[in-house]
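Visitor: Quick one: the structure is below, questions incoming.
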Amino acid sequence: MATLRELKNRIKAVGNIKRITKTMQMIATAKFQSAARRANETKPYSEKIQQLVGQLAAAAASGDDISHPLLEKPAEPTKRELLLIITSNRGLCGAYNANVLRTAAAHLREHDDVQQDIHLVGKKGIAWCRFNRHEVEQAHTFDDQPTYDQVEALATEFMSRYTTGRYDAVRVVYMKFISNARQVPEVATLLPAEPPAAEEAESAAGAAPSSLYEFSPSPEQLLKSLLPVTVKTRLFQCLNDAIVSEQVSRMIAMKAATDNATDMGKMLTRQFNRARQAQITTELNEVIGGSEALN
């Protein structure tokens with residue numbers, strides 16, 4: 001059984017841990033609110049671009065066939081793909097990184113007949129690839145608030161590599177944010193771009209039923225201008241979703257750690273009180289026993 005001094009030291013240590021986890025929970029909550037606000041502000045623009053691209057694709061399909069390098073697969077398959085894995089730079093965020101990396105590992109196993117050029121965002125992904133001996137072609141660094149210019153440069157590089165026929169596809173493994181209680185790891189195909197049908201795009205954006213429009217310039221020309229923007233905004237939305245999911249996972253993990261520290265502190269306090277009461281009882285018995293011996 002632990003001594004009183006040991007129990008007192010444990011209570012003090014648990015109290016220090018509780019203060020740290022409580023502070024980290026508050027920081028994660030503030031970062032989550034900021035990241036969620038950024039993601040919600042960019043989502044309407046991303047959805048509207050998707051809706052417009054769907055309408056243009058439907059209008060262009062009524063005439064000639066749609067032709068664009070970002071829509072077409074390479075004439076000769078290269079059996080080579082680019083895989084971007086988005087993880088966090090720091091830990092203490094529950095199963096966030098484990099779920100993303102588990103999804104990436106499953107994707108690599110399913111496509112073991114294709115050479116995967118792995119690009120990474122986040123130090124946790126770098127450590128995972130080093131441990132599993134996966135060769136990393138390039139690691140990208142973003143902070144908690146990546147700018148659109150940073151993401152645009154990365155998306156432009158991916159589009160340039162794809163249009164030159166280097167890759168058959170460009171995919172992104174990230175944590176998709178659905179709600180505060182639900183985040184789902186997902187493998188999204190960034191290229192070749194697949195514009196949704198007009199009806200699907202309007203339904204996703206909550207728009208009115210499909211209407212007839214006159215486009216100037218032609219839908220084909222507008223589609224060629226908007227497709228690169230769609231790829232950039234989609235990659236930007238993936239990064240924003242990943243950051244929001246990371247912060248909400250860290251917030252939940254730190255809250256659970258704080259609650260566990262509270263419960264452990266109460267348990268240790270009860271043990272300390274019982275041990276102290278037992279010690280007092282023993283001392284009283286010794287005093288009474290000594291007094292009786294003198295008589």
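The values are calculated or read from the model by the stated rules, or taken from the named source; none is laboratory data. Keep in mind it's a predicted model, so treat the numbers as computed, not measured. Virtual Cβ from ideal backbone geometry, glycine too; neighbours counted across all protein chains shown.
Visitor: Cβ-Cβ below 7 Å, separation at least six or inter-chain, first residue in the stretch 17-35 and assigned to a helix (DSSP H, G or I), second among the small types (G, A, S) and buried (at least 19 other Cβ atoms within 10 Å of the Cβ): which pairs?
Guide: Hits for this filter: I17/A261; K18/A261; T21/A257; T21/A261.
Visitor: Quick test of your reading of the structure: D112 fulfils all but one of (1) at pLDDT 90 or above; (2) not in a strand (DSSP E or B). Name the failing condition by number.
Guide: Failed condition: (1).
Visitor: If we scan the stretch 185-202, do we find a residue that is more than 30 Å from E76 (Cβ to Cβ) and either at pLDDT 90 or above or within 22 Å of the chain's Cα centre (by Cα) (or both)? Talk me through it step by step, then tell me what you get.
Guide: Within the stretch 185-202, the first condition is being more than 30 Å from E76 (Cβ to Cβ), and the residues that meet it are 185, 198-202.
Now drop any that are not either at pLDDT 90 or above or within 22 Å of the chain's Cα centre (by Cα) (or both), which leaves 185.
Yes, the conditions are met somewhere in the stretch 185-202.
Visitor: May I pose another question? Considering only the stretch 139-198, state which residues are without any contact (Cβ under 8 Å) to a residue 60 or more places away in the chain and touching a Leu at 6+ places or on another chain (Cβ under 7 Å).
Guide: Residues satisfying the conditions are A139, H140.
Visitor: I would also like to ask the following. Within the stretch 88-95, is there a residue that is touching a residue at least 24 places away in the same chain (Cβ under 8 Å), touching a helix residue (DSSP H, G or I) at 6+ places or on another chain (Cβ under 7 Å), surrounded by fewer than 16 Cβ atoms within 10 Å (Cβ to Cβ) and more than 17 Å from Y174 (Cα to Cα)?
Guide: Yes - at least one qualifying residue is present in the stretch 88-95.
Visitor: Kindly provide the set of residues from the stretch 130-144 that are within 17 Å of the chain's Cα centre (by Cα) and either over 21 Å from A253 (Cβ atoms) or part of a helix (DSSP H, G or I) (or both), ordered by number.
Guide: Listed by number, the residues that qualify are A139, H140, T141, F142.
Visitor: Applying the selection to the stretch 69-91, what residues are more than 13 Å from the chain's Cα centre (by Cα) and either farther than 24 Å from D112 by Cα or of a type in the set (K, R) (or both)? Don't jump to the end; show me each part of the working.
Guide: Step one: of the stretch 69-91, the residues more than 13 Å from the chain's Cα centre (by Cα) are 69-83.
Within the stretch 69-91, P69, L70, L71, K73, K79, R80 meet the criteria.
Visitor: Follow-up question, since we're still on this one. Do we have any residue at all in the stretch 114-129 that's farther than 30 Å from A257 by Cα and among the charged types (D, E, K, R)?
Guide: yes
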